[in-house]
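J.: First the structure, then my questions, so here it is.
The values are calculated or read from the model by the stated rules, or taken from the named source; none is laboratory data. As the structure is a prediction and not an experimental result, all values here were calculated from the model. Cβ: placed from backbone, ideal geometry, glycine included. Neighbour counts: every protein chain shown. Only protein heavy atoms, including side chains, enter the accessible area calculation; ligands, DNA and RNA are left aside. Shrake-Rupley method; radii C 1.70, N 1.55, O 1.52, S 1.80 Å.
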Amino acid sequence: MMNRKIMMMAVACASLGMQAEDGVQLRRNQVGCYPGQEKVVVVEGMNPGKKMRVTTPDGKVVKAKSVRQAVSPLSGKTRYVVTLDNLTATGDYQVTLGGASCVLHVSQQPYHDIATSALRLFYLIRSGVAIEQGGAYNRPLGHADTKVLVHNSAASPLRPAGSIISSPYGWYDAGDYNKYVVNSAFSQGLMLAVYEQLRDYFGQLKTQIPESDNATPDFLDEMMFNLKWLMTMQDPSDGGVYHKLTTPYFEGFVMPADCKQPRYVVQKTVTATLDFAAVMADAARLFEPYQQDYPGFTAQAAAMAERAYQWALSNPTQFYDQNALKNPAVLTGGYGDNSARDEFFWAATALYRLTGKQSYLDAALQYKPDRFTIPAWGNVASLGAFGWMTHTHALTDANALPEAVRRIGNDMLTQLNEYCDAAIKGVGESSFQSPYGNKPSDFGWGCLAESCCCQAVALLFADAMQGSTKYRRYALQNADYLLGRNATGYCYVTGFGDQSPMHPHHRPSAADGVKAPFPGMLVGGPNPGQQDRQNLKTPYPSDCPDESYIDSVDSYASNEIAINWNASLVAFLCWLDALAAHVPV
């Protein structure tokens with residue numbers, strides 16, 4: 001018997017998504033699957049039994065392999081999980097049940113276009129340049145940022161309040177037009193960690209950006225565009241790093257060239273400075289082979305990283321305090337964080353890998369976490385963990401490593417395995433046949449990035465470190481969830497699938513006069529907190545955790561985009577795409 005709590009949730013949850021007149025709804029990955037990938041369709045509104053009809057590309061009719069019933073612990077809804085693993089030939093399969101039908105795409109490279117689009121999104125959101133290779137999304141220069149004011153919170157003897165500095169380039173952070181060091185460095189750190197696992201794949205990936213004709217992979221060229229901005233955010237007089245470059249208030253929904261507010265760099269913080277140190281150290285190492293295009297960068301980035309780390313040692317409690325910013329007050333995104341243990345761990349890891357200095361190893365041991373946590377801008381310990389695992393895994397003679405280095409690498413891998421084993425428990429009884437999406441805590445601000453994509457990256461990373469495929473199936477299940485096999489029926493990436501967001505909380509997409517939003521953007525996803533409910537003209541269709549989503553430009557709580565979310569999408573989908581490119585993973 002359904003328990004009383006689930007019955008009450010079921011009453012509270014409204015019906016959501018597209019459905020046939022007879023109430024039948026079919027949920028599946030709308031983008032595509034590999035021939036050997038598990039294939040599942042989730043049914044609402046009817047027990048499919050033997051009624052489901054699957055027509056192959058050559059016109060034959062096949063049956064489902066199995067059907068199981070699942071009752072959602074979130075909504076109380078009964079669904080039927082239908083397995084179609086016998087569909088192994090490439091092509092389009094027509095799935096029909098009652099009055100509902102859908103197409104299941106099977107392809108040798110199902111994730112290539114969406115992965116490339118997710119990475120190319122970073123070109124489309126570049127700041128400080130005209131976008132001239134964006135097709136319908138071309139736009140004139142906005143926010144040159146060559147005359148940025150030093151806010152009084154960031155003043156130093158050589159740069160008093162009101163000084164003018166140049167801080168161009170970089171990526172717009174989210175639905176707004178500001179640039180934030182913490183989130184920007186985290187985004188790059190996550191993508192660079194995956195780049196290290198897939199260098200051959202990224203070396204061949206083309207995204208049609210202005211730098212595509214040089215000798216550096218397009219992926220690294222895009223990273224460099226943001227690194228150039230980050231380098232301007234370090235105060236040359238002391239090595240500290242400004243927390244963000246921002247207007248006092250969020251701009252309206254206008255194009256970049258139409259923005260009028262002055263822009264400031266504000267308060268130097270320990271978290272921004274350590275994130276900067278970490279990503280600069282990693283970039284110094286990874287760009288070393290590409291001196292032809294970026295001469296001198298490795299040496300400069302290494303020096304800036306070490307200087308930043310020293311500033312952090314001298315200012316370990318200099319946390320961001322937006323309430324203290326006056327004349328003018330600043331009310332844009334805070335990215336505040338009152339603990340720097342994880343940032344010290346990531347930065348010390350990156351600097352040890354770059355320099356081999358004992359002091360950085362000692363610091364990493366001091367700040368080593370006691371469990372694995374999925375990557376997030378507010379907890380970057382996993383980026384340090386990925387660094388140690390990659391460092392020890394890459395050496396053929398592990399015995400040649402110092403004992404402390406072997407120990408920390410092994411500890412990080414043990415923690416990762418424990419996390420992954422816990423994540424995949426219960427998938428066989430879940431409503432959507434995936435590790436993600438089975439408990440209320442899976443949903444909230446930016447959940448599709450941190451809880452779904454980053455979880456999948458962790459699963460793939462564990463396999464890569466051990467030369468196994470144990471967790472790959474489960475990572476692919478998270479892709480299925482993200483791309484349509486979920487409670488709302490949305491493919492949550494713009495421009496892909498049958499039903500994807502058309503009205504993200506993203507200023508240029510809303511203001512550019514183009515009907516379709518920028519393609520390749522991951523929206524935040526279902527958020528039962530509904531922090532924006534008072535701003536919505538149309539209310540959320542449901543209060544259930546996995547259905548609390550609305551495709552509205554006003555919904556910053558569920559439908560905004562952000563670079564850290566797209567970074568997780570790039571990391572995840574490019575890794576899946578690399579599986580087709582025969583890159584060792």
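J.: Determine which member of the set 79, 68 is basic (Lys, Arg) and loosely packed, with under 15 Cβ neighbours inside 10 Å.
T.: 68
J.: Hey, among the residues in segment 281-311 that are in a loop (DSSP other than H, G, I, E, B) and under 15 Å from residue 215 (Cβ atoms), which one's most open to solvent (accessible area, probe 1.4 Å)?
T.: 292
J.: Just to confirm my filter: which helices (runs of 4 or more DSSP H) fall fully inside segment 436-524 and include at least 3 residues that are at pLDDT 95 or above and among the charged types (D, E, K, R)?
T.: In segment 436-524, 472-482 are the helices (runs of 4 or more DSSP H) which contain 3 or more residues that are at pLDDT 95 or above and among the charged types (D, E, K, R).
J.: Oh, and also: Across segment 463-487, which residue is farthest from residue 526 (Cα to Cα) among those that are crowded, with 23+ Cβ neighbours inside 10 Å and of a type in the set (S, T, N, Q)?
T.: The qualifying residue farthest from residue 526 (Cα to Cα) is 477.
J.: Would you please list the contacts, defined by Cβ atoms under 7 Å and residues six or more apart or on different chains, that run from a residue in segment 23-37 that is part of a strand (DSSP E or B) to a residue that is of a type in the set (S, T, N, Q)?
T.: Once the first residue is part of a strand (DSSP E or B) and sits in segment 23-37, its partners that are of a type in the set (S, T, N, Q) give 25/19; 27/486.
J.: Applying the selection to segment 68-91, what residues are of a type in the set (A, V, I, L, M, F, W, C), assigned to a loop (DSSP other than H, G, I, E, B) and touching a residue at least 60 places away in the same chain (Cβ under 8 Å)?
T.: Answer for segment 68-91, where residues must be of a type in the set (A, V, I, L, M, F, W, C), assigned to a loop (DSSP other than H, G, I, E, B) and touching a residue at least 60 places away in the same chain (Cβ under 8 Å): just 74.
J.: Quick one: would you say residue 131 is β-branched (Val, Ile, Thr), without any contact (Cβ under 8 Å) to a residue 24 or more places away in the chain and more than 22 Å from residue 223 (Cα to Cα)?
T.: Taking the combined requirement at face value, the residue does not satisfy it.
J.: So which pairs qualify, if the first residue must be in segment 345-371 and over 18 Å from residue 287 (Cβ atoms), the second must be surrounded by fewer than 17 Cβ atoms within 10 Å (Cβ to Cβ) and modelled with pLDDT of 95 or more, the Cβ gap must be under 6 Å, and the two must be at least 6 apart or on different chains?
T.: 367/341
J.: While we're on this one: I'd like to know if segment 433-446 contains one or more residues that are more than 27 Å from residue 350 (Cβ to Cβ), of a type outside the set (Asp, Glu) and in contact with a Lys or Arg (Cβ under 8 Å, 6 or more places away or on another chain).
T.: Among the residues of segment 433-446, at least one is more than 27 Å from residue 350 (Cβ to Cβ), of a type outside the set (Asp, Glu) and in contact with a Lys or Arg (Cβ under 8 Å, 6 or more places away or on another chain), which makes the answer yes.
J.: Moving on. Any residue in segment 553-567 that is buried (at least 24 other Cβ atoms within 10 Å of the Cβ), touching a residue at least 40 places away in the same chain (Cβ under 8 Å) and in a loop (DSSP other than H, G, I, E, B)?
T.: Yes.
J.: Another question, if that's okay. Can you name the residue in segment 111-145 that is touching a helix residue (DSSP H, G or I) at 6+ places or on another chain (Cβ under 8 Å) and closer than 30 Å to residue 59 by Cα and, of all such residues, is most open to solvent (accessible area, probe 1.4 Å)?
T.: In this case the residue turns out to be 112.
J.: Of all residues in segment 38-60 being in contact (Cβ under 8 Å) with a residue 40 or more places away in the chain and in a loop (DSSP other than H, G, I, E, B), which is farthest from residue 475 (Cα to Cα)?
T.: The qualifying residue farthest from residue 475 (Cα to Cα) is 51.
J.: Inside segment 262-277, can you point out the residues that are open to solvent by less than 10 Å² (accessible area, probe 1.4 Å) and either free of Cβ contacts under 8 Å to residues at least 24 places away in the same chain or polar (S, T, N, Q) (or both)?
T.: 269, 271, 273
J.: Could you tell me which residue of segment 501-515 is most open to solvent (accessible area, probe 1.4 Å), considering only residues that are in contact (Cβ under 8 Å) with a residue 40 or more places away in the chain and more than 18 Å from residue 563 (Cα to Cα)?
T.: 502
J.: Is there a residue in segment 96-104 that is polar (S, T, N, Q), under 22 Å from residue 477 (Cβ atoms) and open to solvent by 40 Å² or more (accessible area, probe 1.4 Å)?
T.: No, every residue in segment 96-104 fails to be polar (S, T, N, Q), under 22 Å from residue 477 (Cβ atoms) and open to solvent by 40 Å² or more (accessible area, probe 1.4 Å).
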